[in-house]
1. Does region 171-189 contain any residue that is at pLDDT 90 or above and buried (at least 17 other Cβ atoms within 10 Å of the Cβ)?
2. Just the residues that are exposed (fewer than 15 other Cβ atoms within 10 Å of the Cβ) and touching a residue at least 12 places away in the same chain (Cβ under 8 Å), please, taken from region 236-248.
3. Scan region 250-259 residue by residue and report those that are under 18 Å from residue 162 (Cβ atoms) and either surrounded by fewer than 19 Cβ atoms within 10 Å (Cβ to Cβ) or more than 21 Å from the chain's Cα centre (by Cα) (or both).
């Protein structure tokens, strides 16, 4: 018994040393790149060295078009309160929590699932290398699609479909040699999970105005993300090896729930836009305002909004999306 305990302790120490080396290596890379980022990355539009004076003015006008407020260092408690009372805050938090909870199927248990398909630890490591490349490609593809098609919710719903497909394949297909290729394809479908966070963050920023409110929203997003990463591993138990069917079933339920949350958020934003239209009418403005913030090239804020006097006049007053009746919510 003592020999077994000593062997387990030795294996645990070796695993800790191995992971410590990985974290030290990545940490040193982070430290080494800080000076480069500090001196080479510009802080804002006026200090952007790669922009011409005309382009700086155009960038500022694009900020006027999206009505997201100006940069401010003042903490406004009214904006903190508004962030917590806003329904869309909690829907975005649910998306962040759900996606990062479900992501543990690849982050923590991906190698275990691959090993459950019959691969040894060396082949498992090799098969995870293209998975990382697919993640990178999907993040770029999702970012491009969101800008190209100008519908973040639709892009998010589309990439949830291959995630669900992959989970269903891993859950239903038998673990034998005849289905190895199909199971591997199902596992690679899960790489789409890592495109969700990109869309959720951009969707939050596109629908939140006010510096303090935006900061609170991003803080809550990060908190929900961390909570999901903590809870996620609890879905998978060693007793469920090698198929981990209960964990896969729970993850499948999480992403089905995410589809519902995305749809609810779209409905919520439609209602908010109608409320904004009612406010504009009561303030003597046209009900509909042309939102140029999602255009692929620069468009003057007044183009298509000739009936709105002094449009964007209050865009840089650090107003929240609820306070500014010219704010248009993005789907």
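The values are calculated or read from the model by the stated rules, or taken from the named source; none is laboratory data. Predicted model, so just to flag it, every value in this text is computed and none were measured. So basically every Cβ, Gly included, is an ideal-geometry build from the backbone, and we count neighbours across all protein chains shown.
1. So far as region 171-189 goes, yes, one or more of its residues are at pLDDT 90 or above and buried (at least 17 other Cβ atoms within 10 Å of the Cβ).
2. 241, 242, 245
3. Taking region 250-259 and keeping what is under 18 Å from residue 162 (Cβ atoms), we get 251-259.
Within region 250-259, 253, 256, 257, 259 meet the criteria.
To keep it simple, each residue is scored yes or no on (1) in a loop (DSSP other than H, G, I, E, B); (2) at pLDDT below 80.
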position	(1), (2)
29	no, no
36	no, no
43	yes, yes
55	no, yes
58	no, yes
